[in-house]
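Scroll down for the structure; my scribbles are underneath it.
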Amino acid sequence: MDIFEAINTRRSIRKFTGEVISDEEIKTILKAGFQAPSAHNMQPREFIVLKDKEVLEAMAQFHPYAKMLPNAGCGIVVCGDKNLQTEFGFLISDCSASLENMLLAAHGLGLGAVWCGIYPKDDLMKSTSELLNLPENIVPVGVIAVGKKAHEVNPRDRYNESKVHYDRW
């Protein structure tokens, strides 16, 4: 798939068939996450692949926007290591870049995916950290539900000329 086609046709998918996705597909998505840019090349990102139905169910119980996780092929939690990137804004930016790369990779594989934010919601961060036994220095930023699409969503053109400024506001 052409990169511009991928960017322009990717949509959030929240309904999945429940089919398992292959380890090869998961690895392709993870590799895309690792290829994202990183401030000062600190590479603070860590990924937790969720396949266990009990873990997926538990996360869906406390995360109000991740109810689709148990029906997805897997979940991938993207975290940042505060020991590697001490500038917190850069940590969040690095993880967000990984999340977007992973969404595009899933789309390129013909899979559906949706990004469910965790940071900056204290309750979601705490619940995720407890569920996944995260060390103190690891910040959960978001989770992606990935799987075989149960439906298609039409692309939208979101370009908005009124929000483009040149040289000054």
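A short reminder: the numbers here are calculations on the coordinates, not readings from a lab. For clarity, every value in this text was computed on a predicted model and none was experimentally measured. Reconstructed Cβ throughout: ideal geometry from the backbone, glycine too, with neighbour counts over all protein chains shown.
List of remarks:
- In the stretch 3-148, lysine pairs closer than 20 Å at Cα, eight or more apart or cross-chain: 18
- Look at GLU5, GLU54 and count the other Cβ atoms within 10 Å of each Cβ; fewest to most, that gives GLU54, GLU5.
- For the chain, relative contact order (Cα pairs under 8 Å, six or more residues apart, normalised by length) works out to 34 percent.
- Here the relative contact order of the stretch 69-163, from alpha carbon pairs under 8 Å that lie six or more residues apart, stands at 42 percent.
- For the stretch 3-148, the square roots a ≥ b ≥ c of the C-alpha gyration tensor eigenvalues yield an a/c of 1.5 or more together with a/b not exceeding b/c, which makes the shape oblate.
- Of the GluC sites (Glu not before Pro) in the stretch 118-165, those whose Cβ has at most 15 other Cβ within 10 Å and which sit in DSSP loop: GLU136, GLU152
- Among ILE29, ILE144, ILE48, the largest mean-square fluctuation in a Gaussian network model of the chain, built with springs joining Cα atoms closer than 10 Å, belongs to ILE48.
- Sorted by Cβ density within 10 Å, fewest first, the residues TYR166, TYR119: TYR166, TYR119
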